[in-house]
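S.K.: Quick one: this structure, given as structure tokens, is what I'll be asking you about.
The values are calculated or read from the model by the stated rules, or taken from the named source; none is laboratory data. Source: prediction; values computed, not measured. Here the Cβ positions follow ideal geometry from the backbone for every residue, glycine too, while neighbour counts run over all protein chains shown. Quick note on the areas: whole protein, heavy atoms, side chains included, nothing else; ligands and nucleic acids left out. Shrake-Rupley method; radii C 1.70, N 1.55, O 1.52, S 1.80 Å.
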Amino acid sequence: MANRLVILDRDGVINQESDEFIKSPDEWVPIPGSLAAIGKLSSAGFEVAVATNQSGIGRKLFDVPALDAIHRKMIDGARDAGGIIGQVVYCPHHPDAGCDCRKPLPGLLNQLSQRYGVPLDNVPVIGDSVRDIDAALAVGARPILVRTGNGVRTGRVLSGRGIDVDTFDDLDAATDALVSQLGKS
């Protein structure tokens, strides 16, 4: 199904991060340039998928219909910018639930691997948090850090752990690099 897959985190990569959780479509605000970046990825032949922790459901801050409405807004916004988000997978569990899908565990990424029928070796996984990077490393994917959301703090943590990953200012800059690399392969 996918010859080129890219997996994006949601909060802090596509939309503004919130310590209060994104609980409704009105609270979902795209980061400038992020929806256009998804359009560029789609135009370049990438299959775009989103893998996101959404523990607000497990914390009873919002429900699945509210999350579906938020994701519909995101998908529609990407479509309006020329992009296609093919799959959105999420972990609805509370952090203490002991599930295997909450990043940094690789469950969400493995779900996408199965749905697209592709191994995750070197698949770009773009995130802003340590858990995104750790999940990508756990499955042999290519972790990419953006400095939006929690990215600046994450960069310091990774540096302290001796982990060096490709890092960009935002999703648009990461997209430009991925698209430019296509011409070199």
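S.K.: Can you pull the Kirkwood radius for the chain, inverse mean 1/r over Cα pairs, to one decimal in Å? Kindly include the intermediate steps, with their values, before the conclusion.
M.R.: Values: mean 1/r = 0.0616 Å⁻¹.
Result for the chain stands at 16.2 Å.
S.K.: Once you charge only the Cβ atoms, +1 for Lys and Arg and -1 for Asp and Glu, what is the size of the charge dipole of the chain about its Cα centre, to the nearest 20 debye?
M.R.: Values: 19 positive and 24 negative charges, 65 e Å.
Roughly 320 debye for the chain.
S.K.: Given a Förster radius of 35 Å and the C-beta distance between ASP80 and ASP121 as r, what FRET efficiency does 1/(1 + (r/R0)^6) yield to the nearest 0.05? Kindly include the intermediate steps, with their values, before the conclusion.
M.R.: Values: r = 33 Å, r/R0 = 0.94.
Result of the calculation: an efficiency of 0.60.
S.K.: Could you do me a favour and compute the accessible area per residue for the stretch 65-185, 1.4 Å probe, result in Å²?
M.R.: Values: 5790 Å² over 121 residues.
For the stretch 65-185, the solvent-accessible area averages 48 Å² per residue.
S.K.: Averaged over all directions, how much area does the convex hull of the C-alpha atoms of the stretch 110-185 cover when projected, in nm²? Walk me through the intermediate numbers first.
M.R.: On the way: hull surface 21.4 nm².
Computing the convex hull of the Cα atoms and averaging its projections yields 5.4 nm².
S.K.: Are there any trypsin sites (Lys or Arg not before Pro) in the stretch 123-185 that are in a DSSP loop and have at most 14 other Cβ atoms within 10 Å? List them by number. Don't skip to the end; give the middle numbers.
M.R.: Numbers: sites: ARG131, ARG147, ARG153, ARG156, ARG161, LYS184; in loops: ARG147, ARG161.
Passing both the DSSP loop test and the Cβ count: ARG161.
S.K.: If you roll a 1.4 Å probe over the chain with all protein chains in place, what percent of the accessible area is carbon or sulfur? Write out the running numbers ahead of the final one.
M.R.: On the way: 4110 of 8440 Å².
That fraction is 49 percent.
S.K.: Turning to a different aspect of this structure: Just to be sure I understand the curve: with the Debye formula and one point per C-alpha of the stretch 1-72, what is log10 I(q)/I(0) at q = 0.16 Å⁻¹?
M.R.: Log10 of I(q)/I(0), two decimals: -0.61.
S.K.: Roughly how many whole Å is it from the C-alpha centroid of the stretch 45-117 to that of the stretch 163-178?
M.R.: 21 Å
S.K.: Counting only DSSP beta bridges with both residues in the stretch 1-143, tell me the antiparallel percent, nearest 5. Display every interim value, and only then the final one.
M.R.: Details: 1 of 16 bridges.
Antiparallel bridges make up about 5 percent of those DSSP assigns within the stretch 1-143.
S.K.: On a full-extension model of 0.36 nm per residue, what is the gain between GLU27 and ALA173, subtracting their alpha-carbon distance, rounded to one decimal in nm?
M.R.: On the way: separation 146, 0.36 × 146 = 52.56 nm, distance 2.45 nm.
That works out to 50.1 nm of additional length.
S.K.: While we're on this one: With the crude spin-label approximation of a point 7 Å out along Cα→Cβ, what separation in nm comes out for LEU105 versus VAL152?
M.R.: Computed distance between label sites LEU105 and VAL152 equals 3.3 nm.
S.K.: If you don't mind, there's one more thing I want to ask. Hey, with R₀ at 25 Å, roughly what FRET efficiency would SER180 and ALA69 work out to, going by the Cβ-Cβ distance, to 0.05?
M.R.: Details: r = 35 Å, r/R0 = 1.41.
Step by step, r from the Cβ atoms, then E = 0.10.
S.K.: To continue, here is another question. Would you mind computing, in nm to one decimal, how far apart the modelled labels at GLU20 and SER159 are, each placed 7 Å from Cα along Cα→Cβ?
M.R.: Going from the GLU20 label point to the SER159 one covers 3.2 nm.
S.K.: Putting +1 on Lys and Arg Cβ atoms and -1 on Asp and Glu Cβ atoms, find which of HIS94, THR154, LEU137 reaches farthest to the positive end of the dipole of the stretch 1-154.
M.R.: LEU137
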